[in-house]
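Inspection log for the structure reproduced underneath, given as structure tokens.
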Amino acid sequence: MSKNINNIINDYNNKIQNVINNFFNSHEDIEDIKQQVYLKVWKNSDKYQQGSLWGWLRKITVNTCYDNLRKNKNNIVYLNNDKENDDLINLVPDKKSGPETLADLSERHKIILNAINTLNEKHKDVIILYDIYELSQEEISQKLNCPVGTVKSRLFNARKQLQTKLKDLID
């Protein structure tokens, strides 16, 4: 790696913090995760292959955020207000391809998040953890202290409810 860790911290600190801000609200969490990112960069600097340094750093940052979300369910952002909904829009995977504009995608994501917000807490938790934060059913089972079968059932029922609520969007 041509840059040393101090240069990386100076050059990419704001970008790394902006990525972390999409996942966490607490200043303390953000600072802790930045330190974890810098430690991972330092430990894995020998694994960096020539290419986009920012791409490599962003991947480490996003993965570190996901790791922290998996460790502590209390940090997960729930759909309580428009600011939090907007933050989650960036996390909703868009698997539909086509020539849609970014505005259309953003509007579609808002409709989906509003529909998720109407679910009861147990269904909402499972959908958010599985489809947005991409935790496995086993990880969700551990986080929610319930059997995997219960997670599967809640996921099935939540998706069924969302399918009804989002019928116009799906057609």
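Each reported figure results from applying straightforward, stated rules to the coordinates on display, with no laboratory input. If you're wondering where the values come from, they're calculated on a predicted model, not measured in any experiment. Glycine gets a Cβ as well: all are built from the backbone with ideal geometry, and neighbour counts include every protein chain shown.
Counting Lys +1, Arg +1, Asp -1, Glu -1, what net charge surrounds Ala158 among other residues with beta carbon under 12 Å of its beta carbon?
Details: positive: Lys122, Lys124, Lys152, Arg154, Arg159, Lys160, Lys165; negative: Glu121, Asp125, Asp131.
Net charge around Ala158: +4.
First select every other residue whose beta carbon is under 9 angstrom from the beta carbon of Asn68; then total the charges, Lys and Arg +1, Asp and Glu -1. If you can, show how the numbers build up before the last one.
Details: positive: Arg70, Lys71; negative: Asp29, Asp32, Asp67.
The answer is -1.
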Residues other than Ala115 with Cβ under 14 Å of its Cβ, Lys/Arg counted +1 and Asp/Glu -1, net out at +4
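Going through segment 109-171, which GluC sites (Glu not before Pro) have at most 14 other Cβ atoms within 10 Å and a DSSP loop state? Don't jump to the answer; show the numbers that get you there.
On the way: sites: Glu121, Glu134, Glu138, Glu139; in loops: Glu134.
Answer in residue order: Glu134.
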³J(HN,Hα), Karplus 6.51/-1.76/1.60, whole Hz, each residue of segment 15-32, x for Gly, Pro: 5, 4, 5, 4, 5, 4, 4, 5, 10, 10, 9, 6, 4, 5, 4, 4, 5, 4
